[in-house]
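Chemist: Submitted below is the structure of interest, expressed as structure tokens.
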């Protein structure tokens, strides 16, 4: 049993704790204004809640992709939980970007680390893997591969669930046929 979904916090946004299992790559589907405290809300195809990046990560995206957030739609970002992020002098963890699509080489962006002290934040280019299609799901017989697709491609979940049900039915049918064959595997009638 995969307990990933049960670990989600009761929150209306992507939080660093959502990334404790490791980095995840997302496709940006929309960007809209938020409130004064969190002015940018980014919708992600592979996640049900919005991501509200902090100022530092917004600066990284602006340096890589420009300040017109409409241009960010369709682009991809890999996020991870950085446990060393401080707030109020305490390490509380935060969401950071490790990779971005639509950049050809590593990018270093100067960011404020603490008051009066800056440092370079480095982000890597995201090597794009082709997204699976419904045809890929239909052709797949590997349950582990289907599980991985289910986790990362929420838009394909109905097709993946249907394919798993089909594989279950085929396995049950094969077991039933094997149980009805005479000893020796052949009908000698």
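Readers should treat all values here as calculations from the given coordinates under stated rules, not as data from a laboratory. Predicted, not measured: the structure shown is a model, and the values here were computed from it. Ideal geometry is used to build each Cβ from the backbone, glycine not excepted, and the neighbour counts take in all protein chains shown.
Chemist: Using 7 Å Cα-to-Cβ label points, what is the residue 106/residue 134 separation (nm, one decimal)?
Modeler: Each label point lies 7 Å from its Cα, and together they span 4.2 nm.
Chemist: Please list, in order, the residues from region 56-85 whose amide nitrogen is less than 16 Å from a point placed 7 Å along the Cα→Cβ vector of residue 33.
Modeler: Taking a point 7 Å out along Cα→Cβ of residue 33, the residues of region 56-85 whose backbone N falls under 16 Å are 68-70.
Chemist: So what is the relative contact order for the chain, in percent, with contacts set as C-alpha pairs under 8 Å and at least six apart?
Modeler: Numbers: 260 pairs, mean separation 28.9, N = 189.
RCO, the chain: 15 percent.
Chemist: Could you state the per residue volume, in Å³, of the convex hull enclosing the Cα atoms of region 134-180?
Modeler: Value for region 134-180: 60 Å³ per residue.
Chemist: Counting pairs of alpha carbon atoms under 8 Å apart in space and at least six apart in sequence, what relative contact order in percent does region 7-67 give?
Modeler: Normalised by residue count, the contact order of region 7-67 is 27 percent.
Chemist: Anyone know which of 171, 162, 64 comes out most mobile in the 10 Å Cα GNM of the chain?
Modeler: Among 171, 162, 64, the largest mean-square fluctuation in the Gaussian network model of the chain belongs to 171.
Chemist: For the chain, what is the mean residue ellipticity at 222 nm derived from helices alone (per DSSP H run of n ≥ 4: -39500 (n - 2.57); sum divided by total residues; nearest 500 deg cm²/dmol)?
Modeler: That comes out to -8500 deg cm²/dmol.
Chemist: Round to the nearest 10 and give me the degree value, 0 to 90, for the angle of helix 157-180's Cα axis relative to the longest principal axis of the chain.
Modeler: The helix 157-180 is inclined about 20 degrees to the chain.
Chemist: Rounded, prolate or oblate: which fits region 16-124, taking a ≥ b ≥ c as square roots of the Cα gyration tensor eigenvalues, rounded meaning a/c under 1.5, else prolate when a/b beats b/c? Could you put the intermediate results ahead of the total?
Modeler: Details: a/c = 1.37, a/b = 1.22, b/c = 1.12.
Cα axes put region 16-124 in the rounded bin.
Chemist: Residue 113 label point, 7 Å along Cα→Cβ, cut-off 14 Å on backbone N: hits in region 82-105?
Modeler: 84-86
Chemist: Against the longest principal axis of the chain, how steep is helix 143-152, in degrees 0 to 90 to the nearest 10, with axes from Cα atoms?
Modeler: The angle comes out near 30 degrees.
Chemist: If you don't mind, there's one more thing I want to ask. Using a 7 Å offset from the Cα along the Cα-to-Cβ direction at both residue 148 and residue 70, what is the distance between the two label points in nm, to one decimal?
Modeler: 3.8
Chemist: Hey, another quick one. Using the Kirkwood radius over C-alpha pairs as Rh, can you work out the diffusion coefficient of the chain via Stokes-Einstein at 20 °C, viscosity 1.002 mPa s, in µm² per second?
Modeler: Once the numbers are plugged in, D ends up at 110 µm²/s.
Chemist: Work out Dmax and Rg for region 6-78 from the C-alpha atoms and quote the Rg first, both in angstrom.
Modeler: Values for region 6-78 (Cα only, Rg and Dmax): 12.0, 36 Å.
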